[in-house]
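The values are calculated or read from the model by the stated rules, or taken from the named source; none is laboratory data. Just so it is clear, the model here is predicted, and its values are computed rather than measured. Backbone-built Cβ (ideal geometry, glycine too); neighbour counts: all protein chains shown.
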Amino acid sequence: MSDTPQTWHYGLVAHWWAEFNVTGPEIGFFQALIERFGQPALDVGCGTGRLLLPALQAGFDVDGCDISPDMLALCASRAAREGLAPPRLYAQAMHELALPRTYHTIFICGSFGLGGNRQQDREALRRLYQHLDPGGVLALDHYQPYGNPASWRHWVKDRRQQLPAAWRASSPRKQAADGSLYELRSRLLALDPLEQRWISQIGVSQWRGEQLVAEEEYTLQGNLYFKNELVLLLEQAGFHDVRVHGAYTEAEATVDDDVLVLIATK
C-alpha cells in the first residue's frame, strides 16, 4: 500500500467541483460553528472553496488547505472574480499539516478518511489538535458506511466478487460558465470489509457541442469508519467532550442518520 495519498481531485474533476459543487446545507452549518466557537478558523480539505469563500464573504477570518493544488488554484481564481482579498491557501495533506498559526475552530467537510491510510488519518487528527488554540474545537462530518446502499451491499462476499462495478453516470451533462459541457461517471473498484477500505474510480468528459474535447480518469481510495471508532480516534489524539450530531443539526445522532457531525474540544 502506497504512503502517497491517492485522490481524484485534479484536472477536469477539479473543474467539475468548481463549477457544479457550490451549494449545500453544510455551508450555513459550519459558518454557525465559527460564530459559536470563534475565529480564526481553518477549512481543511477546502477544495475549490465551496465553504471557504462564502465564509470569507460573510466576513469570517478563515484559511484553507487542501492536498490538490488544482483545487486551490480554482479557489483563488473564484475569490478574485468575486472581489475577495486573496485567501490564505496551503497545499498540504492533513497528516502533514504545518501552518504558521493556530485556530479557534477547525472544520473538515467531506474529506476525512479520503486518500490515505489509517495511520495517516490518526496523524492528521494529532496535527489538527496541535493547530488548535486551547479550548478550540474541531468539527468534522462523516458519511456512515451503511448510508449508501449501492456500496453497502458489497460488504457481502458474493457481491464483492462482482466488482469492479459497471460505470454509471453520476448526472446528466452539465454546462459550465464557458459553455462547455461536463459529464461525470463513477464506479466502485474494490471494497475490503476486513480493513474497512474502498477504492473507486471517476471519469470526467468535457464536450463542446457534440465534440469530445478532453477525457480524464482518476482513482480515489478511502477508509471506512463507524461512529465509535471515530470517537476513540479523537480521544486518542487528545480531544475531549466529543459530541456526535445528526447531519448538520444540533440534534443528537440516531441510527437513522446517514451523516454524522462530530464536534471535539481541545
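Odds and ends about this structure:
- Candidates 230, 191, filtered to the one that is surrounded by 13 or more Cβ atoms within 10 Å (Cβ to Cβ), farther than 16 Å from residue 14 by Cα, in contact with a helix residue (DSSP H, G or I) (Cβ under 7 Å, 6 or more places away or on another chain) and not small (Gly, Ala, Ser): 191
- Number of positions in the range 37-68 that are farther than 26 Å from residue 201 by Cα and in contact (Cβ under 8 Å) with a residue 40 or more places away in the chain: 7
- Some residue of the range 207-216 being more than 21 Å from residue 112 (Cβ to Cβ) and either basic (Lys, Arg) or touching a His at 6+ places or on another chain (Cβ under 9 Å) (or both): yes
- A single member of 84, 97, 51 is closer than 17 Å to residue 9 by Cα and at pLDDT 95 or above, and it is 51.
- The range 86-186 holds helices (runs of 4 or more DSSP H) entirely within its bounds, and those carrying 1 or more residues that are within 15 Å of the chain's Cα centre (by Cα) map to 118-130.
- Among the residues listed as 215, 195, 229, the single one being assigned to a helix (DSSP H, G or I), of a type in the set (Asp, Glu) and at pLDDT 95 or above: 229
- Candidate set: the range 240-266, residues that are part of a loop (DSSP other than H, G, I, E, B) and closer than 14 Å to residue 107 by Cα; chosen: the one modelled with the highest pLDDT: 266
- Residue 121 in the same structural domain as residue 234 (by TED's automatic domain parsing) and over 27 Å from residue 259 (Cα atoms): no
- Counted residues, the range 20-39 - those being closer than 28 Å to residue 178 by Cβ and crowded, with 18+ Cβ neighbours inside 10 Å: 2
- Residue match in the range 90-102 (condition: free of Cβ contacts under 8 Å to residues at least 12 places away in the same chain and assigned by TED's automatic domain parsing to the domain that holds residue 16): yes
- Within the option set 115, 110, being touching a Pro at 6+ places or on another chain (Cβ under 8 Å), assigned by TED's automatic domain parsing to the domain that holds residue 26 and either among the hydroxyl-bearing types (Ser, Thr, Tyr) or modelled with pLDDT under 95 (or both) holds for one residue only, 115.
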